[in-house]
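This report concerns only the one structure given below.
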Amino acid sequence: MVGKLTRDDQLSASRIPILLNASPYQTRNELLAEMIDIDNGGTAHRIPQNEPMFWGDTLEEQILTVAADRLGLKDLRTSFPAAFQHPTLPLAASLDGSAKGNRKWAADPANGIYTPQGGDMIDLTGEILLEAKNTSSPPENPPA
């Protein structure tokens with residue numbers, strides 16, 4: 001894990017669910033207040049790292065390697081030196097990984113393969129962006 005690559009004074013991809021009112025953890029007004037506070041010299045609000053977060057960070061590359069292997073993905077990349085900045089918006093994203101895929105997958109919970117939003121299939125053809133997560137909670141549909 002490289003660490004945080006995105007700037008605190010602009011929106012990052014991980015905070016888009018808040019902007020879209022799809023986060024149970026923070027409201028749009030709380031995000032706006034935080035951004036205004038940062039613009040006025042304040043600091044970003046950080047969630048203290050807990051045990052699952054520590055292990056997720058520590059094992060991020062291994063999580064991505066196992067996931068790519070299970071899903072038959074090729075050309076796995078787990079290191080990116082900088083965030084990807086949107087060309088015109090104050091928006092950036094840092095990636096955990098990327099790989100190339102060539103098939104669709106059905107949900108297979110017995111083998112640790114879950115599809116988002118309750119769908120039966122996920123299309124993993126072409127360039128795939130990967131996000132590694134470690135949690136003590138069981139999968140939810142839709143995910144939080």
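The values are calculated or read from the model by the stated rules, or taken from the named source; none is laboratory data. These figures come from a predicted structure and were not determined experimentally. Don't worry about glycine lacking a Cβ; one is built from the backbone with ideal geometry, like all the others, and counts go over all protein chains shown. We work out accessible area using only protein heavy atoms, side chains counted, and drop any ligands, DNA or RNA first. Shrake-Rupley method; radii C 1.70, N 1.55, O 1.52, S 1.80 Å.
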Requested in this report: Take the alpha carbon atoms of the stretch 26-144, find their radius of gyration, then divide it by 2.2 N^0.38 Å using N residues; give the quotient.
Outcome: 1.26
Query - Cα long-axis angle, helix 28-39 against the chain (0 to 90 degrees, to the nearest 10) - result: 60 degrees
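Per DSSP H run of at least 4 residues, take -39500 (n - 2.57); add these up for the chain, divide by its residues and hand me the 222 nm value, nearest 500 deg cm²/dmol. Show your work: numbers first, answer last.
On the way: 4 runs with 35 residues, N = 144.
So the calculated ellipticity at 222 nm is -7000 deg cm²/dmol.
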Query raised in the report: Roughly how many Å² is the accessible area per residue of the stretch 21-144, as a whole number, for a 1.4 Å probe?
Result: 71 Å²
Report task. Would you list, by chain and number, the aspartates and glutamates whose Cα falls below 17 Å from the Cα of Lys133, excluding same-chain residues fewer than 8 positions away? Result -> Glu51, Asp57, Glu60, Glu61, Asp69, Asp96
Report summary line: For the stretch 1-61 (alpha-carbon point model, no solvent) the Debye-based log₁₀ I(q)/I(0) at q = 0.23 Å⁻¹ works out to -1.09
Query raised in the report: How high is the relative contact order of the stretch 69-123, in percent, with contacts defined as C-alpha pairs under 8 Å that are six or more residues apart?
Result: 30 percent
Requested in this report: With +1 on each Lys and Arg Cβ and -1 on each Asp and Glu Cβ, and nothing else charged, work out how big the dipole of the stretch 50-144 is about its Cα centre, in Debye to the nearest 20.
Outcome: 300 debye
Report task. Pull up the DSSP beta bridges for the chain and report the antiparallel fraction as a percent, rounded to 5. Result -> 90 percent
Query raised in the report: Once the whole set of protein chains is in place, how much accessible area is left on Ile47, using a 1.4 Å probe, in Å² to the nearest 10?
Result: 130 Å²
Query raised in the report: How far, in degrees from 0 to 90, does helix 60-70 lean away from the longest principal axis of the Cα atoms of the chain, to the nearest 10?
Result: 30 degrees
**Report entry** Span from the the stretch 68-135 Cα centroid across to the the stretch 1-51 one, whole angstrom
**Finding:** 22 Å
Query raised in the report: Percent relative contact order of the chain, based on C-alpha pairs within less than 8 angstrom and at least six residues apart?
Result: 25 percent
